[in-house]
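The values are calculated or read from the model by the stated rules, or taken from the named source; none is laboratory data. What you are looking at is a predicted structure, and each value in this text was computed from that prediction instead of being measured. Just the protein is used for accessible areas: all its heavy atoms, side chains included, with ligands, DNA and RNA removed. Shrake-Rupley method; radii C 1.70, N 1.55, O 1.52, S 1.80 Å.
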Amino acid sequence: AQSDNPCGAPALPVNTSCTYTAGTNATATASTGVPAPGCASYSGGDVWYTVVVPAGGAITVETAAGVMTDGGMAIYSGAC
């Protein structure tokens, strides 16, 4: 499950090996008060997830091939 709202976003697992989480943007709408990502011709539909960065201070985010084309991603920090 994913969220169309940053305050209700589910947490992604942080693992030592890659674990993909399936999602969709089929019913996504734009979130208010959040800067739009500056890539991929953003057209107003966003999906949110959260992650807690481990004590080492770094994570790697990977995407897998699927049916989405021209997908973009932005990473934000801070509280909801």
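At 1.4 Å probe size, with no ligands or nucleic acids counted, give the accessible surface of Ile75 in Å², nearest ten.
We get 130 Å² for Ile75.
Short version: ³J(HN,Hα) in whole Hz for each residue of segment 66-72, in order, from phi by Karplus 6.51 cos²θ - 1.76 cosθ + 1.60 (θ = phi - 60°), x for Gly and Pro, what are they?
x, 8, 6, 10, 6, x, x
Could you give me D for segment 1-40, from Stokes-Einstein at 20 °C and 1.002 mPa s, where the hydrodynamic radius is the Kirkwood radius over C-alpha pairs? Units µm² s⁻¹, please.
It diffuses with D of about 172 µm²/s by this estimate.
Ignoring solvent entirely, what values of log10 I(q)/I(0) come out of the Debye formula for the chain at 0.11, 0.15, 0.23 Å⁻¹ when each Cα is a single scatterer?
-0.30, -0.58, -1.39
For Asp46, list long-range residues whose amide hydrogen, built 1.01 Å from N in the peptide plane, is under 5 Å from its own amide hydrogen.
Under 5 Å from the amide H of Asp46: Thr29, Ala30, Ser31.
Give the separation of the Cα centroids, segment 7-21 to segment 39-71, in Å.
Spelled out, the Cα-based centre of one part sits 10 Å from the other.
Could you rank Ser43, Ser17 by how accessible they are, 1.4 Å probe, largest area first?
Ser43, Ser17
Can you compute 3J(HN,Hα) from phi for each residue in segment 21-27, using the Karplus curve 6.51 cos²θ - 1.76 cosθ + 1.60 with θ = phi - 60°, rounded to whole Hz and x for Gly and Pro?
10, 6, x, 9, 10, 4, 10
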